[in-house]
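**Q** Let me give you the structure first, and then I'll get to my questions.
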Amino acid sequence: MLYIVIVGIIFAGDFLIKNNMEKKLKEGEIRKKLGGILWLRKYHNRGAFLNVGEKKASVVVALSVLLTLAVATAFVITLGTKGNRLLKTGLSLLLGGAFSNTYDRLKKKYVMDYFSFGGGKKISDIVFNLSDFGIIIGAMLVAVASYLFDCSDKESTLT
């Protein structure tokens with residue numbers, strides 16, 4: 001149940017923030033917060049990360065749907081197993097983010113990104129949303145969990 005709640009929190013939280021930012025910010029407007037560390041902005045990303053595939057939006061949508069379905073399948077299968085809390089947490093974060101961004105792509109034809117980090121031009125040009133962090137952190141946790149599982153599996157066959 002906890003893992004389903006995590007998926008819901010990522011999806012609902014990002015959904016609410018995206019709607020709020022759509023209403024409160026103008027395209028191109030930047031509001032600097034936390035002494036300029038955090039920049040709130042409104043950006044409609046029609047591609048994937050860093051606008052990759054912007055000119056092939058239908059391919060990005062198809063890949064987004066397929067990858068979301070793959071993660072959802074792994075999530076459902078994993079939920080039925082004992083243990084693997086790290087893997088389940090990673091898949092929960094990953095799935096919540098994937099649901100949110102895929103929903104945007106299907107419903108709006110773009111993903112609403114709304115914050116950047118101040119600093120050099122390269123980092124401040126990248127615009128994120130909460131779902132992006134769910135996806136990034138979730139993918140890292142899944143990778144670590146898979147590595148740990150692989151190591152423990154090899155260790156048990158050696159003894």
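**Q** Return the residues of segment 44-76 that are polar (S, T, N, Q) and either at pLDDT below 85 or within 16 Å of the chain's Cα centre (by Cα) (or both); say none if nothing qualifies. Before you say what the answer is, go through the steps one by one.
**A** Step one: filter segment 44-76 for residues polar (S, T, N, Q), giving 45, 51, 58, 64, 68, 73.
Residues satisfying the conditions are Asn45, Asn51, Ser58, Ser64, Thr68.
**Q** A further question on this structure: So if I check each of Arg41, Arg85, Arg105, which one is touching a strand residue (DSSP E or B) at 6+ places or on another chain (Cβ under 8 Å) and either modelled with pLDDT of 95 or more or closer than 30 Å to Leu2 by Cβ (or both)?
**A** Arg105
**Q** Can you give me the ranges of the helices (runs of 4 or more DSSP H) entirely in segment 21-137 with at least 3 residues that are of a type in the set (D, E, K, R)?
**A** 85-107
The values are calculated or read from the model by the stated rules, or taken from the named source; none is laboratory data. These numbers come from a predicted model, not from an experiment. Every residue, glycine as well, gets a Cβ built from its backbone with ideal geometry; the counts of neighbours run over all protein chains shown.
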